[in-house]
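Asks: Quick one: the structure is below, and I'll ask about it shortly.
Rule-based calculations on the coordinates, nothing more; no lab input. Values in this document were obtained by computation on a predicted structure and should not be read as measured data. Backbone-built Cβ (ideal geometry, glycine too); neighbour counts: all protein chains shown.
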Amino acid sequence: MKWLDYFKSLKNPELRMAWILALVADALQIAVFPIFVAGGISPADTVLDLIVGAALVRLLGWHWAFLPTFAAELVPGLDLFPTWTATLLYLTRERAARGPVAPGEPEILPPGPAPAPRPKN
């Protein structure tokens, strides 16, 4: 029940689509691909990882958390752990912890270098 409430709290359709994609990809890698492929390196598994990675970057934008996931997917046998789902859990919990930005409210960014002043015309 808690997972269903968490999924309902994702208002952004891109986040929901990313969750569905990650869950389906991990289910395929855990349940289906080991049956048809002998050995640790599978072309179908690699193609699936490339497609899922590209789709998630397209849906959510680049995040550093994708790097360990790509590395883990290259290790034979480690793809039996739901790495895409774990990455999405990390990303969406991080975004939920920050909280949504209300419409019309400026987004508060972390401290960093000040932007260069614009020249006056």
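Asks: Which value in nm describes the separation of the simple spin-label points at Asn12 and Trp64, placed 7 Å from the Cα toward the beta carbon?
Replies: 1.8 nm
Asks: Output the peptides 42-48, 86-92 sorted from most to least packed, where packing is the average of other Cβ atoms within 10 Å over each peptide's residues.
Replies: Output ranking for 42-48, 86-92: 86-92, 42-48.
Asks: Please compute the modelled spin-label separation between Ala72 and Ile30, points set 7 Å along Cα→Cβ, answer in nm with one decimal.
Replies: With each label point 7 Å from Cα toward Cβ, the separation is 1.2 nm.
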